[in-house]
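Undergrad: This is the structure I have questions about; it appears just below.
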Amino acid sequence: MTKDGKQPTGIWAEVITQALSRIEGDYYVVLEAMPWSRAVNLVESGQAHGLVGTYYKPDSRPWIGTYSSAPFTKNVAAYCRDGVAKASWSYPQDFNGLTFGNNASFGTPGQEFFDLVANGLISIQEALTTDLNLKKLDGGRIDCHVQEQLTAKIAITALGLSGITQVLDTSVEDSMIGYRASWQDTEAEGFIIEMDRVLAEMMTDGTINQIIARAVGG
């Protein structure tokens, strides 16, 4: 999800917009696109009700109480400057000594990766968005970036970047809406149940696949 002016755009934005048009009940919903770190902080601090596009992270995000059904299963990969890494390497151990870009507050690279960072074996630089990290990668300011493949593909094409290699897959993650644990009233229960019903309907009737196809030009 990103912005076009002030309006959220992208796959998740279209999914949420379509889902809200189908939901039964009287709910007033505001969808905002913002840097991931800010979105995380707003939900964690109780200023927003849900975090769109989160993976299942119960240990690092205990303030999420309920996860929605997952309309997407995301393949995550390591992207590096041409010639920096090899597809035969093991992730993340063989990437020691390299500098990775990461979206601020993203846990996408995985706990083992962050353990290597804590031990000083891998360096990390954080930027607010995927676009910024990929531009840094294209410009040679970082060596690698771990990102969901569809997100990376769309950004690399839109930005006209080159010299970036998808080296290897790192994980497969379900992408969901994470609702804050402190939102526990009748309204919360009704909305969460209804949103799950609509997301399941959109997966069954092909709406989700159509949204993805449009996004990638398929």
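Undergrad: Which residue, chosen from TYR28, VAL216, MET176, occupies the Cα position most advanced towards the positive end of the dipole of the chain, where the dipole is computed from +1 (Lys, Arg) and -1 (Asp, Glu) charges on Cβ about the Cα centre?
TA: VAL216
Undergrad: Here is a follow-up. Taking the alpha-carbon distance from LYS3 and a cut-off under 30 Å, which lysines remain once sequence neighbours fewer than 8 residues away in the same chain are dropped?
TA: Partners found: LYS57, LYS74, LYS135, LYS136, LYS153.
Undergrad: Is the range 70-147 best put as rounded, prolate or oblate by its Cα gyration tensor, with a ≥ b ≥ c the root eigenvalues, rounded for a/c under 1.5, and otherwise prolate when a/b is larger than b/c, oblate when not?
TA: The shape class here is rounded.
Undergrad: Okay, next question. Cut-off under 13 Å on the C-alpha distance; same-chain residues fewer than 8 positions from LYS6 excluded. Which aspartates and glutamates are left, in chain and number order?
TA: The qualifying aspartates and glutamates are GLU32.
Undergrad: Find the centroid of the Cα atoms in the range 41-61 and in the range 166-193, then give the distance between the two in whole Å.
TA: Rounded to whole Å, the Cα centres lie 8 Å apart.
Undergrad: Among ASN41, PRO62, ALA77, flag the residue with its Cα farthest along the positive direction of the charge dipole of the range 22-85, charges on Cβ as +1 for Lys/Arg and -1 for Asp/Glu.
TA: The one lying farthest along the dipole's positive direction is ALA77.
Undergrad: Select from the range 64-117 those trypsin sites (Lys or Arg not before Pro) which occupy a DSSP coil region and have at most 15 other Cβ atoms within 10 Å, ordered by residue number. Walk me through the intermediate numbers first.
TA: Numbers: sites: LYS74, ARG81, LYS86; in loops: LYS86.
Counting only loop positions with at most 15 other Cβ atoms within 10 Å, the trypsin sites (Lys or Arg not before Pro) in the range 64-117 are LYS86.
Undergrad: Please give the charge dipole size of the range 73-172, origin at the Cα centre, charges +1 on K and R Cβ atoms and -1 on D and E Cβ atoms. Round to the nearest 20 debye.
TA: Values: 7 positive and 10 negative charges, 48 e Å.
My answer is approximately 240 debye.
Undergrad: Near VAL76, within a Cβ-to-Cβ distance under 12 Å, what is the net charge of the other residues, with Lys and Arg +1 and Asp and Glu -1?
TA: Details: positive: LYS74; negative: GLU148, ASP169, GLU173, ASP174.
Neighbour charge sum, excluding VAL76 itself: -3.
Undergrad: If you filter the range 19-78 for GluC sites (Glu not before Pro), then keep DSSP loop positions with at most 12 other Cβ within 10 Å, what is left? Write down the numbers at each step before the final one.
TA: Numbers: sites: GLU24, GLU32, GLU44; in loops: GLU24, GLU32.
For GluC sites (Glu not before Pro) across the range 19-78 that sit outside H, G, I, E and B with at most 12 neighbouring Cβ atoms in 10 Å, the list reads GLU24.
Undergrad: In addition: Please report, in debye to the nearest 20, how large the charge dipole of the range 152-204 is about its Cα centre when each Lys and Arg carries +1 at its beta carbon and each Asp and Glu carries -1 there. Don't skip to the end; give the middle numbers.
TA: Numbers: 3 positive and 9 negative charges, 79 e Å.
About 380 debye.
Undergrad: Taking the Cα centre of the chain as the origin, how large is its charge dipole in debye, to the nearest 20, when only Lys and Arg (+1) and Asp and Glu (-1) carry charge on their Cβ atoms? Intermediate values should be presented prior to the final figure.
TA: On the way: 16 positive and 26 negative charges, 156 e Å.
Around 740 debye, computed over the chain.
Undergrad: Within the range 72-108, which chymotrypsin sites (Phe, Trp or Tyr not before Pro) sit in a loop by DSSP and count at most 15 neighbouring Cβ atoms inside 10 Å? Show your work: numbers first, answer last.
TA: Numbers: sites: PHE72, TYR79, TRP89, PHE95, PHE100, PHE106; in loops: TRP89, PHE106.
For chymotrypsin sites (Phe, Trp or Tyr not before Pro) across the range 72-108 that sit outside H, G, I, E and B with at most 15 neighbouring Cβ atoms in 10 Å, the list reads TRP89.
Rule-based calculations on the coordinates, nothing more; no lab input. Note that this is a predicted model, so its numbers are computed, not measured. Neighbour counts run over all protein chains shown; Cβ positions are idealised from the backbone, glycine included.
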